[in-house]
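Notes to accompany the following structure.
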Amino acid sequence: MTRLWNDPADFADEMIDGFVAANGRYVERVTGGVVRSTRVPDGQVAVVIGGGSGHYPAFGGLVGPGLAHGAAMGNLFASPSTQQVHAVAHAAHAGGGVLLTYGNYAGDVLNFDAAQERLRAEGIDCETVVVTDDIASAGPDERERRRGIAGDLTVFRATAGAAAAGYDLAGVARVGRLANERTRSFGVAFTGCTLPGAEAPLFSVPDGRMAVGLGIHGEPGIDETDIPTADGLADMLVERLLTELPDGADGRVVPLLNGLGSLKHEELFVVYRRVAALLAQAELEIVDPHVGEYCTSFDMAGTSLTLFWLDDELADLWETPVDTPAYRRGAVAAAERRDPARTDPSAAAGEIAGDAASVLLAATVVAALDTIARTIEENVDELGRIDAVAGDGDHGIGMQRGSRAAVGAARLAAAAGAGAATTLARAADAWSDRAGGTSGALWGLLLAELAYRLGDAGRPDAARIADGVAAGVGAVIAHGKAEPGDKTMVDALLPFTETLTREVAAGARLADAWRTAARSATAAAATTADLLPRKGRARTHGAHAVGTVDAGAHSFALIVSAVGEALAAAPVISRSATPDSPERI
């Protein structure tokens, strides 16, 4: 279990601060993660990697000459936010464009894609390579749905080698996609991992049993079997991987036996002894074998085997010298320190003043956000427990970080005289940035759309607020791609907005309509327990998730229920009210 922490919500930030303090030779802290502290040649493509924290040496430990130029580092097991990815990429950019590469998880795809759009809008060329090496997570005919695990390293090294060799952005992206197509991984676990502050691991395996086909976020695997001998495990891993050879494989292979956090190197060496023999029996040429920790899952006891199938180009690029905090190959010449002075692209614009009516409504916005944050604080452990069953266990901490940040940003904006729209927009951006992950991005979208409809002047009525909620729900569906029945937050969102719109159109006061809609959301969230997940990380849990509600749907229902009770007592400006005599909602 994880034993040393202060506040679990601060663990990732404090970990990154300590990592940078210990590795200033290689990295420096920037908004959202780290970049190289050494000078990068002008015009070189910048390879920016990233993902959630809890996988060291992925991702910050792989930043340095010959490997990544920067790493966006999210919260525990949560993708970095759009703002974090954008800020790291902006800081790492050396004039040759940016290659974003990361494991294939819903939150990462959502946030990295949004960051790519921002970079392109700013005139920075950007391409993406998504890593899909885990053969347990989808079949050969659905390789694009597979998740990325320890095979991240082979794609990161190939793209970084191409960048160091002077390839242009299109060439670096081509090499990355080739490397991904030639990488296959498969893993097992003997125990689950425990996040800081959690009382139990994300999953458990009975004594003497082994989870087969696990993920790196606490996903329990697709099967369970008795623990074999070391040789028996090697037989299983090699056999599974050799059943799916990449097109064009010529017999040269880099094997990577990865420890997931608690397995000792000595145990890995015993397993690799048999792996090497089996690969030799298959008449394969073993190139540069790797045995150690390359992508972990906190304290999980388990291992994965990756096979990276070379061709002439990939073999040449694999020889690129690398020098990072956690991974070294060959000899890298000493590099000059770079100038640490940078423009922070995340710097907030000045506040927008609102009129008297909107300033008063901004106070209600702050009060509603404070209600949300207190509701999350009261339920953070339960949300984490639910998500550990039907997700990856990070939902409680992510919502806690996001709601805390939203309240703080809203209070600052309101204190500066901002109107309701600006106050809520600042909160939306802060929530998305601090929470990270899928839920952080989606809550940011939801609040931002509502903020736009509120405006910084005038007196929004119930219909305009209902329209804002509907627009936010539409944005969540458009970006998250979930549909009703997928066992996601959408299953509670749609009943809520449909009921709210109907009740307001029928003439109900906003508070009454909101509370009726909240009851619809609560009932709908409860029914997600019967659903099989079809989207996000929970998808690979399959039947394991049945019987437990979706954490995102449940937290949404808790929030709108609490806000509904708060609205009943909160003043709001309606079309028929004046700033001096606000009507009740």
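The values are calculated or read from the model by the stated rules, or taken from the named source; none is laboratory data. Just so it is clear, the structure is predicted and the values come from calculations on it, not from any experiment. Ideal geometry is used to build each Cβ from the backbone, glycine not excepted, and the neighbour counts take in all protein chains shown.
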> Quick one: what pairs do we get from segment 354-378, first residue touching a residue at least 12 places away in the same chain (Cβ under 8 Å), second acidic (Asp, Glu) and assigned to a helix (DSSP H, G or I), C-beta under 9 Å, 6+ apart or different chains?
Replying inline: THR371/GLU565
> When only residues in segment 379-427 that are free of Cβ contacts under 8 Å to residues at least 60 places away in the same chain and of a type in the set (Val, Ile, Thr) count, which is nearest to ALA362 (Cα to Cα)?
Replying inline: VAL407
>> Just checking, does segment 186-194 include any residue being within 20 Å of the chain's Cα centre (by Cα) and within 20 Å of ARG143 (Cα to Cα)?
In response: no
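Yes or no, residue by residue, for (1) in contact (Cβ under 8 Å) with a residue 60 or more places away in the chain; (2) within 30 Å of ASP394 (Cα to Cα); (3) of a type in the set (S, T, N, Q):
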residue: ALA173; (1), (2), (3): yes, no, no
residue: LEU178; (1), (2), (3): yes, no, no
residue: ARG182; (1), (2), (3): yes, no, no
residue: LEU195; (1), (2), (3): yes, yes, no
residue: SER204; (1), (2), (3): no, yes, yes
residue: ARG209; (1), (2), (3): no, yes, no
residue: THR225; (1), (2), (3): no, yes, yes
residue: GLY248; (1), (2), (3): yes, no, no
residue: GLY251; (1), (2), (3): no, no, no
> Quick one: is ALA511 more than 17 Å from VAL563 (Cα to Cα) and in a helix (DSSP H, G or I)?
Replying inline: no
> Going by the structure shown, is GLY33 crowded, with 24+ Cβ neighbours inside 10 Å and not hydroxyl-bearing (Ser, Thr, Tyr)?
Replying inline: yes
>> Against the conditions (1) within 29 Å of the chain's Cα centre (by Cα); (2) of a type in the set (Gly, Ala, Ser); (3) part of a helix (DSSP H, G or I), where does ALA200 fall short? Just the number, please.
In response: (3)
> Which is in contact (Cβ under 8 Å) with a residue 24 or more places away in the chain, in the same structural domain as PHE112 (by TED's automatic domain parsing) and either part of a strand (DSSP E or B) or not aliphatic (A, V, I, L, M) (or both), of GLU28, GLU14?
Replying inline: GLU28
>> Residues that are under 25 Å from PHE11 (Cα atoms), in the same structural domain as GLN116 (by TED's automatic domain parsing), small (Gly, Ala, Ser) and within 23 Å of the chain's Cα centre (by Cα): does segment 175-185 have at least one?
In response: no
> Here are VAL407, VAL389: which of them is surrounded by fewer than 23 Cβ atoms within 10 Å (Cβ to Cβ), modelled with pLDDT under 90 and in the same structural domain as GLU565 (by TED's automatic domain parsing)?
Replying inline: VAL389
>> I'm trying to understand the selection: among the residues of segment 36-68, which are crowded, with 24+ Cβ neighbours inside 10 Å and among the aromatic types (Phe, Trp, Tyr)?
In response: PHE59
> Only one of (1) within 32 Å of the chain's Cα centre (by Cα); (2) modelled with pLDDT of 95 or more; (3) more than 14 Å from ILE216 (Cβ to Cβ) fails for ASP247. Which number is that?
Replying inline: (2)
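Yes/no matrix, rows are residues, columns are (1) crowded, with 19+ Cβ neighbours inside 10 Å; (2) free of Cβ contacts under 8 Å to residues at least 24 places away in the same chain; (3) within 28 Å of ALA106 (Cα to Cα):
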{"residue": "GLY437", "(1), (2), (3)": "yes, no, yes"}
{"residue": "LEU442", "(1), (2), (3)": "yes, no, yes"}
{"residue": "ILE465", "(1), (2), (3)": "yes, no, no"}
{"residue": "GLY472", "(1), (2), (3)": "yes, no, yes"}
{"residue": "HIS479", "(1), (2), (3)": "no, no, yes"}
{"residue": "PHE496", "(1), (2), (3)": "yes, no, yes"}
{"residue": "GLU503", "(1), (2), (3)": "yes, yes, no"}
{"residue": "ARG509", "(1), (2), (3)": "no, no, no"}
{"residue": "THR522", "(1), (2), (3)": "yes, no, yes"}
> Identify, please: which residue in segment 169-193 is assigned to a helix (DSSP H, G or I) and of a type in the set (A, V, I, L, M) and is, among those, surrounded by the fewest Cβ atoms within 10 Å (Cβ to Cβ)?
Replying inline: ALA170
>> Checking the condition among the aliphatic types (A, V, I, L, M) and under 30 Å from GLY97 (Cα atoms), which residue from ALA211, ALA189, ALA198, ALA179 passes?
In response: ALA179
>> Looking at ALA71 and the list (1) closer than 20 Å to ASP113 by Cα; (2) surrounded by fewer than 19 Cβ atoms within 10 Å (Cβ to Cβ), which single condition is not satisfied?
In response: (2)
>> Residue under question is THR578, and the condition is that it be at pLDDT 90 or above, β-branched (Val, Ile, Thr), more than 30 Å from GLY103 (Cβ to Cβ) and surrounded by fewer than 23 Cβ atoms within 10 Å (Cβ to Cβ); does it hold?
In response: no
> For segment 1-11, which residues satisfy the criterion of being touching a Phe, Trp or Tyr at 6+ places or on another chain (Cβ under 8 Å) and in a loop (DSSP other than H, G, I, E, B)?
Replying inline: THR2, TRP5
> Which residues, taken from segment 119-168, are assigned to a helix (DSSP H, G or I) and buried (at least 24 other Cβ atoms within 10 Å of the Cβ)?
Replying inline: ASP152, LEU153, THR154, VAL155, PHE156, ARG157, ALA158, THR159, ALA160, GLY161, ALA162, ALA163
>> Could you tell me how many of the residues in segment 479-496 are over 18 Å from the mean Cα position of the chain (by Cα), assigned to a helix (DSSP H, G or I) and among the small types (Gly, Ala, Ser)?
In response: 1
> In segment 203-240, how many are surrounded by 21 or more Cβ atoms within 10 Å (Cβ to Cβ) and either touching a Phe, Trp or Tyr at 6+ places or on another chain (Cβ under 8 Å) or assigned to a loop (DSSP other than H, G, I, E, B) (or both)?
Replying inline: 15
> What is the residue count in segment 374-406 for residues that are under 14 Å from ALA562 (Cβ atoms), in contact with a Phe, Trp or Tyr (Cβ under 8 Å, 6 or more places away or on another chain) and of a type in the set (Asp, Glu)?
Replying inline: 0
> at pLDDT 95 or above, in contact with a Ser or Thr (Cβ under 6 Å, 6 or more places away or on another chain) and either in a strand (DSSP E or B) or under 14 Å from LEU119 (Cβ atoms) (or both) - does that describe any residue in segment 75-85?
Replying inline: no
